[in-house]
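The structure appears below as structure tokens.
The values are calculated or read from the model by the stated rules, or taken from the named source; none is laboratory data. Keep in mind it's a predicted model, so treat the numbers as computed, not measured. Here the Cβ is made from the backbone with ideal geometry for all residues, glycine too, and neighbour counts use every protein chain on show. Surface areas here come from the heavy atoms of the whole protein model, side chains and all, with no ligands, DNA or RNA. Shrake-Rupley method; radii C 1.70, N 1.55, O 1.52, S 1.80 Å.
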Amino acid sequence: MSEILLEVSNLTKRFGENTILDGISFTIRKGEVVVLVGPSGCGKSTLLRCLNGIEDIQGGQILLDGEAVLAGSKELTQMRQKIGMVFQSYELFPHMNVLRNITIAPEKVQKRKRAEVEIEAKALLARVGLADKADSFPRELSGGQKQRVAIVRALILHPEVILFDEVTAALDPEMVREVLDVILDLAKQGKTMLIVTHEMAFARAIADRVIFLDDGHILEDSDPETFFEHPETKRAEQFLGTFRFEKR
Amino acid sequence: MPALGLEVLFKGINFQRLLLGLWTALSISLISVALSIPLGILMGILMTKKNPILRAVLRVYLDFIRIMPQLVLLFIVFFGTTSAFGWNISGELASVIVFTLWGTAEMGDLVRGALISIPKHQYESSEALGFSSAQTFLYVVLPQTVRRLIPLSINLITRMIKTTSLVLMIGVVEVLKVAQQIIEANRMSSPNAAFGVYLTVFVLYFLACWPISLLARRLEVRWQ
């Protein structure tokens, strides 16, 4: 087995009196694709936001390559370059064209040469089927195209792990496919990813492991076969039942 | 066609005096604008801070300036400071003070509005890319804020130019005051001059403000 990349132990997140995440522990190894599923409001998105230091945590720790991710710490901007994140609402910068959206972070944060970054950006855009959109502005793109640009924007920083936060939830069904194909392609390249999604067929196809989160606790952490066919807990079975339709 | 009395404009240096009056009005507003923009940006940034005392103070200031008619503010600063503190400030200086106080308040509110209209997610996605908060402000927040702000602040500038017509009430000889003087001086020879002279003033204001409005509209379309 490959080395451990991300280690989360006993993570606790509270908003005031509300405990959102209650003692979460799990690990992700290099090259693993882990899918995080669970009902709405179970804390999936909050967990991803904690992993990237957007939310501070009230207990436990997050280690990436053995180094702590700590909201508000000095090293956080360094750590964040190793953790890519793609949001549900794309969040491209509307005042920059596609190419600039992609190149600004490597240029300003990682201090790489603009010319070199642009070559890589164009290659990545071609890889996601958007070679002709480099000069377009985000408002001229469809949702699926914007999301693919957002994925390239995360990729170009060469993160060690990429977090996907319900990246297809805001898309039309036809566009879901084009985005999921890009993520499948990344899995084939051996990228380490943690994916929050409601697309169960996709989860099953891409996951090396599935984590089921409910009410701030991890109820299941198993391979997709086991999770989708023989979930251990009643809660998971119930949850999976909501995706099945039968004519009565 | 009734006589407009336009001939009075060409008596002596009358037209030149009108232009000089316009220049007085424009310079009062432009100096005030130049002071209001940096002060307003500072005020707008401070208004988005969490400190409740700071916010309350700035809120009261903004509301006070908004509620008071500009004319009353001019009287307070020009006559009020003389009777209260014995200061003898010129009408021009009093005008610049009032217009700067007003411009700063309005500009501050525009900046505040533009800053809070940037969605929280823009900050988050920027930070997720590894930007520091200073870089986030510089590359992501500021350019978007300025784009939203420029059409609005140009609108404010034209309002300030128009409102300078009030400063004649504290003895500043600006374009409207010159117009009155010309009309008064020629009451006997050209009793109809009022219409023509005021029409000229209208055209002068229009020529001063219209290009600015056009510019605002063009920027608005371009940056939508």
Next item on the list: Go through the range A:187-228 residue by residue and tally those that are in a loop (DSSP other than H, G, I, E, B) and closer than 9 Å to A:Val35 by Cα.
Entry: 3
Next item on the list: Residues being outside any helix (DSSP H, G or I) and either closer than 11 Å to B:Val178 by Cβ or open to solvent by less than 70 Å² (accessible area, probe 1.4 Å) (or both): count how many of those fall in the range B:4-34.
Entry: 3
Check: Residues in the range A:1-38 that are open to solvent by 10 Å² or more (accessible area, probe 1.4 Å) and either under 22 Å from A:Glu75 (Cα atoms) or in a loop (DSSP other than H, G, I, E, B) (or both): how many?
Finding: 14
Check: So which residues in the range A:39-65 are of a type in the set (Gly, Ala, Ser), in contact (Cβ under 8 Å) with a residue 40 or more places away in the chain and either touching a Phe, Trp or Tyr at 6+ places or on another chain (Cβ under 6 Å) or not in a strand (DSSP E or B) (or both)?
Finding: A:Gly43, A:Ser45
Next item on the list: For the range B:147-169, enumerate the residues that are under 20 Å from B:Ala34 (Cβ atoms) and either open to solvent by 60 Å² or more (accessible area, probe 1.4 Å) or among the acidic types (Asp, Glu) (or both).
Entry: B:Leu152, B:Asn155, B:Arg159, B:Lys162
Item checked: Among (1) in contact with a Phe, Trp or Tyr (Cβ under 6 Å, 6 or more places away or on another chain); (2) exposed (fewer than 15 other Cβ atoms within 10 Å of the Cβ) - the single one B:Arg59 does not satisfy -> (1)
Next item on the list: Just give me the residues in the range B:197-219 being buried (at least 18 other Cβ atoms within 10 Å of the Cβ) and more than 18 Å from the chain's Cα centre (by Cα), in sequence order.
Entry: B:Val197, B:Thr200, B:Val201
Notebook entry, point to check: So which residues in the range A:68-83 are of a type in the set (Ser, Thr, Tyr) and more than 9 Å from chain B (Cβ to nearest Cβ)?
Noted result: A:Ser73
Note to self: I'd like to know if the range B:177-185 contains one or more residues that are of a type outside the set (Phe, Trp, Tyr) and within 14 Å of chain A (Cβ to nearest Cβ).
What the structure shows: no
Next item on the list: Would you check if there is a residue in the range A:121-143 being touching a residue at least 60 places away in the same chain (Cβ under 8 Å) and either at the interface with chain B (Cβ under 9 Å from one of its Cβ atoms) or surrounded by 20 or more Cβ atoms within 10 Å (Cβ to Cβ) (or both)?
Entry: no
Checklist line | Every residue from the range A:32-67 that is away from chain B (no Cβ under 14 Å), within 30 Å of A:Gly241 (Cα to Cα) and out of contact with any helix residue (DSSP H, G or I) (no Cβ under 8 Å at 6 or more places or on another chain) | finding: A:Glu32, A:Val34, A:Ser40, A:Gly41, A:Cys42, A:Gly43, A:Lys44, A:Leu47
Note to self: Step by step: first the residues of the range B:108-126, then only those that are open to solvent by less than 10 Å² (accessible area, probe 1.4 Å) and in contact (Cβ under 8 Å) with a residue 60 or more places away in the chain, then the one that is farthest from the other protein chains (Cβ to nearest Cβ). Which residue is that?
What the structure shows: B:Gly108
Checklist line | Subset of the range B:187-204 [in contact with a helix residue (DSSP H, G or I) (Cβ under 7 Å, 6 or more places away or on another chain) and in contact (Cβ under 8 Å) with a residue 60 or more places away in the chain] | finding: B:Ser190, B:Ala193, B:Ala194, B:Gly196, B:Val197, B:Thr200, B:Val201, B:Leu204
Margin query: Exactly one condition in (1) open to solvent by 70 Å² or more (accessible area, probe 1.4 Å); (2) at pLDDT 90 or above is false for A:Thr242; which is it?
Written below: (2)
Notebook entry, point to check: Which members of the range A:51-64 meet the condition of being open to solvent by less than 70 Å² (accessible area, probe 1.4 Å) and under 19 Å from the mean Cα position of the chain (by Cα)?
Noted result: A:Leu51, A:Asn52, A:Gly53, A:Ile54, A:Glu55, A:Ile57, A:Ile62, A:Leu63, A:Leu64
Item checked: One residue from B:Leu138, B:Leu129 being open to solvent by 70 Å² or more (accessible area, probe 1.4 Å) and under 30 Å from A:Phe164 (Cβ atoms) -> B:Leu138
Notebook entry, point to check: Do we find a residue being open to solvent by 10 Å² or more (accessible area, probe 1.4 Å), within 23 Å of A:Leu64 (Cβ to Cβ) and touching an Asp or Glu at 6+ places or on another chain (Cβ under 8 Å) anywhere in the range A:153-172?
Noted result: yes
